[in-house]
Amino acid sequence: MPPTVICYICGQECGTKSISIHEPQCLKNWCWENDNLPKHLRRPEPKKPEARTIQAKGFYDLDALNEAAWTSAQDQLVPCDICGRTFLPDRLIVHQRSCKPKRAKWM
């Protein structure tokens with residue numbers, strides 16, 4: 001399998017050649033969706049993690065880069081006030097319509 005890179009915005013895996021096309025479009029979509037959310041769910045724009053070279057030849061540590069991107073994508077998730085599960089902000093609105101507090105089980 002060819003190496004993949006994780007998008008720091010959405011967490012999707014992309015090929016090393018297509019990530020440069022995906023990220024600007026993904027950020028554009030993220031900004032549009034964020035602007036359409038209620039004010040209390042809006043988030044600051046995600047920042048791209050720094051890529052550090054690991055060799056004198058200038059290669060990137062792909063595993064470290066992917067780990068930082070995955071963490072960045074997971075930081076975009078918002079917890080539900082009722083159950084604590086995490087969702088993307090636009091999906092949290094849908095989830096909260098049907099989320100009910102768990103009842104304690106009686107023996």
Worksheet, complete the sentence: Dividing the helical contributions, -39500 (n - 2.57) per DSSP H run of n ≥ 4, by the residues of the chain yields a 222 nm value, nearest 500 deg cm²/dmol, of -12500 deg cm²/dmol
Worksheet item: Roughly what would the spin-label model give for E50 and C99, points 7 Å off Cα along C-beta, in nm?
Response: 3.5 nm
Worksheet, complete the sentence: Gyration tensor on Cα atoms of the chain, a ≥ b ≥ c root eigenvalues, a/c under 1.5 rounded, else prolate if a/b beats b/c, else oblate, says prolate
Worksheet item: Where does helix 19-35 land angle-wise versus the long Cα axis of the chain, in degrees 0 to 90, nearest 10?
Response: 30 degrees
Worksheet, complete the sentence: Helix 62-75: inclination vs the chain longest Cα principal axis, degrees, rounded to 10, gives 20 degrees
Worksheet entry | Sequence of V78, V94 from largest to smallest accessible area, 1.4 Å probe | V94, V78
Worksheet item: Got a number for carbon plus sulfur as a percent of the chain's accessible area, 1.4 Å probe?
Response: 54 percent
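The values are calculated or read from the model by the stated rules, or taken from the named source; none is laboratory data. Please read these numbers as outputs of a predicted model, since none were measured by experiment. When we count neighbours, we look across all protein chains shown, and the Cβ atoms used for this are built from the backbone with ideal geometry, even at glycine. Accessible surface is based on the protein model in full, side chains and every heavy atom, while ligands, DNA and RNA are left aside. Shrake-Rupley method; radii C 1.70, N 1.55, O 1.52, S 1.80 Å.
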